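Written below as structure tokens is the structure these notes are about.
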2 protein chains.
Amino acid sequence: MLPEATLDQARQVLATLDARGESLATAESCTGGLIAAALTAIAGSSSVVMAGFVTYSNTAKVAMVGVQEATLAAHGAVSDPVARQMAEGALARAGVDVALSCTGVAGPGGGSADKPVGLVFIARARRGAPTIVERHVFPGDRAAVRAATVAAALRLAVD
Amino acid sequence: MLPEATLDQARQVLATLDARGESLATAESCTGGLIAAALTAIAGSSSVVMAGFVTYSNTAKVAMVGVQEATLAAHGAVSDPVARQMAEGALARAGVDVALSCTGVAGPGGGSADKPVGLVFIARARRGAPTIVERHVFPGDRAAVRAATVAAALRLAVD
């Protein structure tokens, strides 16, 4: 159901986190569960993956991972501070060691001059460390943007 | 990233729910986000899909969708009543019209005489209607069991 390269990457992330004794959660918007799905495709992932929040609507972002209404109003859902709040909210609410988040314009609709199709913010929150947020503009169609987001998030997980 | 047959099925679910003006959420254990990922692979899914709960650990099942500790203790995570509580919890917490859930033994480990690999409970909760729970024993490996679960859940969404 998922490409072998993605599964290989997921295997490496799980092995690294497992060796560190760390647990993981996700908070996904544009990928809609695909990061969690890639990780849980691997047998034994339950020792690392605890929970995932698919916060597709703005309401879900606020209710499920504590994104601030004011941040959504000021910056929009596809923004650095929303990605940061999603990751930090998932970390706190799931009680894990590492949380990954993403929010972006997967397309084909929804793009603008400011926020083109392919724009994705990916964040990693980690207990006791500063949160990292990456900004990407990925080429290709909806499936390509989502696949590139999964790959970048999995890289960031163990970076 | 996902097979065309799954995407076709997701398209039909979204079209049906959209025509009815209904919103959807998911609560996934053994599929780990793959049902939500399949639905959100389709452009325009944000008019129907609001949220997804990937409740991989028992702690997440309790905290995120309100599964009762006593039910987990009495029946185990892979059981009819847990699938039911996951769907009904997702319906209530996401404030949607329809919620899908699943909990199962995707394998290759974790099976027992009572609960073999491939055993999956899938539930659909719907505002103002009785919740439906299906019991399946799917053949094949982990990927096959997860793919069959996604297909059965999408069928149940609009049944």
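Do you know which of the residues in region A:106-122 that are over 15 Å from residue A:31 (Cα atoms) and more than 14 Å from chain B (Cβ to nearest Cβ) is surrounded by the most Cβ atoms within 10 Å (Cβ to Cβ)? Residue satisfying both the conditions and the ranking: A:115. Of the residues making up region A:56-96, just one is touching a strand residue (DSSP E or B) at 6+ places or on another chain (Cβ under 6 Å) and polar (S, T, N, Q), namely A:57. Selection within region B:36-49: residues that are more than 13 Å from residue B:7 (Cβ to Cβ) and either surrounded by 24 or more Cβ atoms within 10 Å (Cβ to Cβ) or among the hydrophobic types (A, V, I, L, M, F, W, C) (or both). The member of this set that is farthest from the other protein chains (Cβ to nearest Cβ) is B:48. Among the residues of region B:123-132, is there at least one that is within 24 Å of residue A:39 (Cα to Cα) and more than 12 Å from the chain's Cα centre (by Cα)? No, because not a single residue in region B:123-132 is within 24 Å of residue A:39 (Cα to Cα) and more than 12 Å from the chain's Cα centre (by Cα).
Restricting attention to region A:21-38, which residues are touching a residue at least 40 places away in the same chain (Cβ under 8 Å) and in a helix (DSSP H, G or I)? Hits for region A:21-38 are A:34, A:35, A:38. Residue check: residue B:4 meets all listed conditions (1) buried (at least 24 other Cβ atoms within 10 Å of the Cβ); (2) free of Cβ contacts under 8 Å to residues at least 60 places away in the same chain but one, namely (1). Quick check: anything in region B:86-95 touching a Gly at 6+ places or on another chain (Cβ under 9 Å) and facing another protein chain (nearest Cβ under 10 Å)? Checked region B:86-95: at least one residue is touching a Gly at 6+ places or on another chain (Cβ under 9 Å) and facing another protein chain (nearest Cβ under 10 Å).
Listed here are the residues, each with its yes/no results for (1) in a helix (DSSP H, G or I); (2) charged (D, E, K, R); (3) crowded, with 16+ Cβ neighbours inside 10 Å.
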residue	(1), (2), (3)
A:91	yes, no, yes
A:135	no, yes, no
A:140	no, no, no
A:155	yes, yes, no
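Residues that are of a type in the set (Gly, Ala, Ser) and part of a strand (DSSP E or B) within region A:97-122 comprise A:99, A:101, A:104, listed in sequence order. Flag set for residue B:100, criterion: under 21 Å from residue B:130 (Cα atoms), of a type outside the set (Asp, Glu) and within 14 Å of another protein chain (Cβ to nearest Cβ). Contact map, region B:134-145: residues that are farther than 20 Å from residue B:86 by Cβ paired with residues that are acidic (Asp, Glu) and part of a helix (DSSP H, G or I), Cβ distance under 8 Å, separation 6+ or inter-chain. No pairs are found. Exactly one residue out of A:70, A:125 is modelled with pLDDT of 95 or more, more than 13 Å from chain B (Cβ to nearest Cβ) and part of a strand (DSSP E or B): that is A:125. The set of residues in region A:12-35 that are surrounded by fewer than 17 Cβ atoms within 10 Å (Cβ to Cβ) and among the charged types (D, E, K, R) comprises A:18, A:20, A:22.
Within region B:78-103, which residues are of a type in the set (Gly, Ala, Ser) and in contact with a helix residue (DSSP H, G or I) (Cβ under 6 Å, 6 or more places away or on another chain)? Steps first, answer last, please.
Of region B:78-103, the ones of a type in the set (Gly, Ala, Ser) are B:79, B:83, B:87, B:89-90, B:92, B:94-95, B:99, B:101.
If the condition is that a residue be of a type in the set (Gly, Ala, Ser) and in contact with a helix residue (DSSP H, G or I) (Cβ under 6 Å, 6 or more places away or on another chain), then B:89, B:90, B:99, B:101 are the ones that fit.
For region A:50-67, the tally of residues that are closer than 24 Å to residue A:97 by Cα and either aromatic (Phe, Trp, Tyr) or more than 7 Å from chain B (Cβ to nearest Cβ) (or both) stands at 8. Out of B:104, B:110, B:118, one residue alone is out of contact with any Asp or Glu (no Cβ under 9 Å at 6 or more places or on another chain) and at pLDDT below 95. It is B:110.
Count of region B:13-34 residues, restricted to those that are within 16 Å of residue B:91 (Cβ to Cβ), among the polar types (S, T, N, Q) and within 8 Å of chain A (Cβ to nearest Cβ), is 1.
The values are calculated or read from the model by the stated rules, or taken from the named source; none is laboratory data. Because the structure is a prediction, the values reported are computed rather than measured. Backbone-built Cβ (ideal geometry, glycine too); neighbour counts: all protein chains shown.
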